[in-house]
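Below is one structure, written out as structure tokens, with a few remarks after it.
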Amino acid sequence: MPDQKLIKLKINDREVQVPQGTLVIEATRRLGTEVPSFCYYPGLSLQAACRMCLVEIEKAPKLQTACTMVATDGMVVRTDTEQVRQARKYMLEFLLTNHPLDCPVCDKGGECELQDMVFRYGADSSRFVEEKIHRPEEKWSELVYYDAPRCILCFRCVGCVSISARWAHSRAGRIATKRGRGRCSTYRQFARTVPTDAKPR
């Protein structure tokens, strides 16, 4: 098998080499530079739904999503400019429009990716004065309930269920399901993947 071609790009004025076809978000992680994202998760399909991973790319007319942008040779990326920080703050403010602000009593409190991002980007206050829309929980199965106000439409659950469905239809999945293990492993994966507490126990 031939060696994979490497390309060079600059991220925040630091040069990095990555294999051709690497996503910008993965390239930033090689340098230890954090680019936040709710919808991106290794192994799941790309969505670019949350818009939290926006970065500046030299010569691009607007901010680009790092989770879908493939790194190219000579690319210059900036992940922490004022424009990028403001875009992330406004996106968080939008996500909190109907999200309940009850972190101290939430089961995901202290482990919630949304909570971490709000503290990091200072989006703990909102300009929205309208009353939050609340919808009751929906029972999706014996194990999963859906709490719509807590959902931030990251689509991770969709990707997780898609993978679980493909696995369940495989030979190994059918055997595990017959032995009573398939449903639980799917739920554990689902609960671990979703960034907020949109799925109560």
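The values are calculated or read from the model by the stated rules, or taken from the named source; none is laboratory data. Predicted, not measured: the structure shown is a model, and the values here were computed from it. Note: ideal-geometry Cβ built from the backbone for every residue, glycine included; neighbour counts use all protein chains shown.
Summary of values
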| item | result |
| --- | --- |
| From Leu153, Leu143, Leu101, residue being among the aliphatic types (A, V, I, L, M) and at pLDDT 80 or above | Leu153 |
| Total residues in the range 14-39, condition touching a helix residue (DSSP H, G or I) at 6+ places or on another chain (Cβ under 7 Å), over 19 Å from Tyr121 (Cα atoms) and touching a residue at least 24 places away in the same chain (Cβ under 8 Å) | 1 |
| Residues of the range 83-118 classified as in a helix (DSSP H, G or I), of a type in the set (S, T, N, Q) and closer than 25 Å to Pro136 by Cβ, total | 1 |
| Meets criteria (closer than 24 Å to Lys8 by Cα, surrounded by fewer than 17 Cβ atoms within 10 Å (Cβ to Cβ) and of a type in the set (A, V, I, L, M)) for Leu46 | yes |
| Selection status of Gln64, more than 17 Å from Thr196 (Cα to Cα), touching a Leu at 6+ places or on another chain (Cβ under 6 Å) and either without any contact (Cβ under 8 Å) to a residue 12 or more places away in the chain or not hydrophobic (A, V, I, L, M, F, W, C) (or both) | no |
| Any hit, the range 83-100, residues being of a type in the set (D, E, K, R) and within 16 Å of the chain's Cα centre (by Cα) | yes |
| Top-ranked residue of the range 1-55 - restricted to ones that are of a type in the set (A, V, I, L, M) and in a helix (DSSP H, G or I), ranked as farthest from Tyr90 (Cα to Cα) | Ala27 |
